[in-house]
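Data block below; observations after.
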């Protein structure tokens, strides 16, 4: 089969599938009771993920090198990464809301790549000498995966901000572990809800949890687990996925520095792309530290993560649009 | 007492301030913010550029004229005193944090495992429960199956897993100090040189661009390098495929001791010094005019105002030098353009071919390229790379969530509680699973339908 035809088919198809998937996920968020809708969304995401993987594989076969040399390819790699991280997030949180924020972004990226990008920029072009190295695959793919993870994590932080608007919240997950303690207000406020929850959980678990089997006793209430709320879950999954993206970003930047040092003896040259990768790193490092700082918890880290979302975009795309040239390390060629 | 004062100031005032997390966050964000300015304003341009683009009236945003820009050093942000001061402050904060917070956290490992012996101690956990008719033994077996390290004392139990998640941040901070140290050591003891050498020439490393105060021992004294040949491979479409330099390292007697062909991404290393393929130029053109011997004419770069690179030379076509032609080359593909004295393009010639101009036969034998080499020695690299390795290891370790569980058996009741530092959602699931399995174990026999959940 003709690889170019296959590519054209796959990129349009992944866009169309993601568009439908986005609508399905929004439907899931709006009407959680419709059966099979969530499964449909997940299936759509999986199909789109495979389509984009196929597209990139076809590119690799056609050009003979790892398909991350131009904007078109990297956009599809990014969208593929976002759909992949989506599955990580959905699996971690078992929450239907993950797709509602990841699908539109993945759809937007594929739309931009297929519809907006001129065909001249879609064609694969030969690599410049500076990029002819095995480091390309290592450095760029890790960077792109970190962008995907950081974007999904920040999107969930935005979702968290939307869910908790107007509330005072205390975050739970961080490196020193201040979370995990019982909120004292909980038992007073949720007394009636706890009974409801008990009933519904009992249906799901077939009454297998010992605690839940006991009839609620108003006076000497036995200890029972205090479940995480939707906001807690969103925040924690956002934190975990940013926590996944941050090591990837660190490894990607280090791989770039080592490559630059091995190839032309300058690990760091403050080129705009490098600088923005550092800025991204600094913003998310600030996010991670804000989570363990007294007085900075609550919604503030999520606001930082939201800013991080835009910083990642500037780092990825903005640097080129600023007219500062591509991240062409071979500055003299 | 007086002598103790500075020490007390350091310990009680300065150190806590430097180790303050809020300062760290502010510094992280400040470095990010100031770094942005260097990506928006063009860096390292000549003064005229800023005068043209940042006029005094009207000033950009009402204040950013070229005078303000130059005074603040915004034309080279990353080398200004205030940016470096910010980095040094950040380094100080990192050091203070590493020693006062991170290394202190290591004490966690030396403590004796704390067991909880009072049921009320379980009330503080969000995830805690009490179960009847479940033995501590069951809990122990179950947690061991879930890869927890379990400790037991009488009727009390403590279990944890993911301890690397506690060590990770310590490794991260220490390794960043190591990278910083490597960079400082490298800048003190390393040097950087640039050489532009024509094909066939031999050179000693002499054009030092940067050198640290202790760079002396790194400078190569007893060897030189001969450029046997420099060439460029082009793709069929005429785009540069790769640059190559065939280099020989010569000892003091001129004997070859090493020979390698380098290209971008493939440098030559000798005696702690690395030679990188970095730049290129056209050095000369070898021509014959009529029946003359082969003449080598140096080619000079032409000012194209940033629109590509051109080299040119002048070839006399009359014995009294009253007339001649200009030969212009733009790359090493072999095609040369010929202009007459009035600046008109009259012909083109390929190397190895001849053409008739101004009544003479001009044969171009060869276009000679020169290789641009970046020469570097950086003794800080082993330290920096160790730091890189540890940093990568540390950030990955830091992803792991440290989960801890406590259990207490009193009479017929088992109290169980637990917490984790990062993955609350996953831990909650695991904890409920543990409760499920424990309560299933006690109601035996278990109908198969109930097991599935």
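Quick note: the coordinates plus some simple rules give every number you see, no bench work behind them. Fair warning: this is a prediction, and the values are worked out from it, not measured in the lab. Ideal geometry is used to build each Cβ from the backbone, glycine not excepted, and the neighbour counts take in all protein chains shown.
Specify, per residue and in Å³, the volume enclosed by the convex hull of the alpha carbon atoms belonging to segment B:165-230.
132
In percent, how large is the relative contact order of segment B:282-362, given Cα pairs closer than 8 Å and 6 or more residues apart?
About 20 percent, as a whole number.
Taking Cα pairs under 8 Å and at least six residues apart, what relative contact order does chain B come out at, in percent?
It rounds to 19 percent for chain B.
If you average the sequence gap of Cα pairs under 8 Å that are 6 or more apart and divide by the length of segment A:5-89, what percent do you get for the contact order?
31 percent.
Enter the angle in degrees (range 0 to 90, nearest 10) between the Cα long axis of helix B:21-40 and the first principal axis of the Cα atoms of chain B, meaning the one along which they spread out most.
Long axis of B:21-40 versus the principal axis of chain B: about 20 degrees.
Across the residues of B:36-48, average count of Cβ atoms on other protein chains within 10 Å?
If you average over the peptide's residues, the count of other-chain Cβ atoms is 3.
Beyond 31 Å, how much of the Cα-Cα pair distribution for chain B remains, as a whole percent?
When all Cα pairs of chain B are counted, 68 percent exceed 31 Å.
Using the alpha-carbon centroid of each, what span in Å lies between segment B:126-145 and segment B:236-297?
After rounding, the separation between the Cα centres reads 73 Å.
Show me the ranking of peptides B:169-177, A:115-123, B:34-42 by mean Cβ neighbours inside 10 Å, starting with the highest.
On the way: B:169-177: 20.2, A:115-123: 10.9, B:34-42: 17.9.
The most tightly packed comes first, giving B:169-177, B:34-42, A:115-123.
Nearest 10 degrees is fine. How inclined is helix B:381-397 to the longest principal axis of chain B, computing both from alpha carbons?
40
For a Förster distance of 22 Å, can you work out the FRET efficiency between the beta-carbons of residue A:30 and residue A:313, rounded to the nearest 0.05?
It comes out at approximately 0.20.
Let me know the shape class of segment B:248-312, please: from the alpha-carbon gyration tensor, a ≥ b ≥ c as square roots of the eigenvalues, rounded when a/c is under 1.5, otherwise prolate if a/b is greater than b/c, or oblate.
Oblate, because a/c is 1.5 or more while a/b does not exceed b/c.
Using a 10 Å cut-off on Cβ to Cβ distances, tally the other chain neighbours for every residue of A:235-246 and report the average as a whole number.
Partner Cβ neighbours, averaged per residue: 3.
Could you work out Rg/(2.2 N^0.38 Å) for the protein assembly as shown, with Rg from alpha carbons only? Could you put the intermediate results ahead of the total?
Numbers: Rg = 33.2 Å, N = 786, 2.2 N^0.38 = 27.7 Å.
So the Cα radius of gyration is 1.20 times the expected 2.2 N^0.38 Å.
Taking only Cα atoms, what is the 0 to 90° angle, nearest 10, from helix B:164-189's long axis to the longest principal axis of chain B?
In chain B, helix B:164-189 runs at an angle near 30 degrees to the longest axis.
Once every DSSP H run of n ≥ 4 in chain B is given -39500 (n - 2.57) and the sum is divided by its residues, what mean residue ellipticity at 222 nm do you get, rounded to the nearest 500 deg cm²/dmol? Each step should come with its number before you reach the end.
Values: 12 runs with 141 residues, N = 453.
Estimated from H runs of four or more residues: -9500 deg cm²/dmol.
Sort the following peptides by mean Cβ neighbour count (other Cβ atoms within 10 Å, averaged over residues), highest first: B:19-26, B:281-288.
Ranking, from highest mean packing down: B:281-288, B:19-26.
Report, in whole Å, the centroid distance computed from the Cα atoms of segment A:7-36 and segment B:146-178.
Between the Cα centre of segment A:7-36 and that of segment B:146-178, the gap is 42 Å.
Any idea how far the Cα center of segment A:66-134 sits from the one of segment B:352-406, in Å?
27
Rounded to whole Å and sorted largest first, list the principal axis extents of the Cα atoms in segment B:4-79.
That gives 56, 24, 23 Å along the principal axes, largest extent first.
Mind giving me the nanometre distance, one decimal, between the label points for residue B:347 and residue B:207, set 7 Å out from Cα along Cα→Cβ?
It works out to 3.4 nm between the two label points.
Distances longer than 17 Å among the Cα atoms of segment A:1-71: what percent of all pairs is that? Intermediate values should be presented prior to the final figure.
Working: 1259 of 2485 pairs.
Cα-Cα pairs of segment A:1-71 separated by over 17 Å account for 51 percent.
Ordered by packing density, taken as the mean number of other Cβ atoms within 10 Å over each peptide's residues, highest first, how do A:251-257, A:62-68 rank?
A:251-257, A:62-68
How crowded by other chains is B:387-400, given as the mean number of beta carbons from other chains within 10 Å of each beta carbon?
Neighbouring Cβ atoms belonging to other protein chains average 4 per residue here.
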